[in-house]
Amino acid sequence: MAPFTVGSLSARHRPAIEQVLQAADVFRDEELAVALELFDEALGPAARASGDYEFVGAFAQAGELAGYACFGPTPGTDGTYDLYWIAVHPAHQGRGAGGALLGEVERRLRDRHGRLVVIETSARDAYETTRRFYGRHGYGMSARLRDFYAPTDDRVIFTKHLVDSPTAALCGANGDE
């Protein structure tokens, strides 16, 4: 049995979210600010009930927040969802917390008849383990935008079909060419 349970988050988890993000030591200050802004928009004291962002957390046996994921529907699409953030505290990496989070996100999306998950990440060396993680969980690289975030920092887009689709059958299991 995995040492993590997955559940919803609330405003009281904000300090733990910030700690996870800072401990990961890969996010730039502006990335940290965006992650916390999304959390505040969804769950903070002045939260809007927009449904744009949903959060789930992975909790260690002692109840400590080991990691979290943020996802939501992609505007203007039919059944496409973005995984905006997934981060696991280094003390819990490699123990199944990330897989538990990703599995829960996919389960929730299948329950909503979600058909496609889109994830974007950086091509920086610090994200190599992240990109391998997505590959191990069935995500294929669908696009790479050169110099997107900064010179020599490409945007890498991964996708995974949650249901069979004609495009997935033609292009490969994940729609990657």
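Looking at Gly94, Gly103, Gly172, Gly98 in this structure, which one is modelled with pLDDT of 95 or more and surrounded by fewer than 20 Cβ atoms within 10 Å (Cβ to Cβ)?
Checking each option against the conditions leaves just Gly103.
Any residue in region 40-59 that is under 18 Å from Tyr134 (Cβ atoms) and among the aromatic types (Phe, Trp, Tyr)?
No.
Just a yes or no: is a residue in region 109-118 modelled with pLDDT of 95 or more and of a type in the set (Lys, Arg)?
Yes, region 109-118 contains at least one residue that is modelled with pLDDT of 95 or more and of a type in the set (Lys, Arg).
Checking the structure you have, find out if any residue of region 73-84 is crowded, with 17+ Cβ neighbours inside 10 Å, in contact (Cβ under 8 Å) with a residue 60 or more places away in the chain and of a type in the set (D, E, K, R).
no
Does Asp25 meet the test of being in contact (Cβ under 8 Å) with a residue 60 or more places away in the chain, surrounded by fewer than 17 Cβ atoms within 10 Å (Cβ to Cβ) and among the acidic types (Asp, Glu)?
Here the answer is yes, as Asp25 does meet what is asked.
Please give the number of the condition Tyr68 fails out of (1) in contact with an Asp or Glu (Cβ under 9 Å, 6 or more places away or on another chain); (2) within 18 Å of Val34 (Cβ to Cβ); (3) assigned by TED's automatic domain parsing to the domain that holds Phe27.
Here Tyr68 clears every test but (1).
Where residues in region 131-155 are within 16 Å of Leu101 (Cβ to Cβ) and among the hydroxyl-bearing types (Ser, Thr, Tyr), which of them is nearest to the chain's Cα centre (by Cα)?
Tyr134
Hey, could you check region 20-58 for residues that are of a type in the set (Gly, Ala, Ser), modelled with pLDDT under 90 and touching an Asp or Glu at 6+ places or on another chain (Cβ under 8 Å) and say which is nearest to Arg107 (Cα to Cα)?
The residue in question is Ser50.
Answer yes or no: is there a residue in region 9-19 that is surrounded by 13 or more Cβ atoms within 10 Å (Cβ to Cβ), out of contact with any strand residue (DSSP E or B) (no Cβ under 9 Å at 6 or more places or on another chain) and in the same structural domain as Arg110 (by TED's automatic domain parsing).
Scanning region 9-19 turns up at least one residue that is surrounded by 13 or more Cβ atoms within 10 Å (Cβ to Cβ), out of contact with any strand residue (DSSP E or B) (no Cβ under 9 Å at 6 or more places or on another chain) and in the same structural domain as Arg110 (by TED's automatic domain parsing).
The values are calculated or read from the model by the stated rules, or taken from the named source; none is laboratory data. Since the model is a prediction, treat every value here as computed from it, not as a measurement. Positions of Cβ are backbone-derived with ideal geometry, glycine not excepted, and every protein chain shown enters the neighbour counts.
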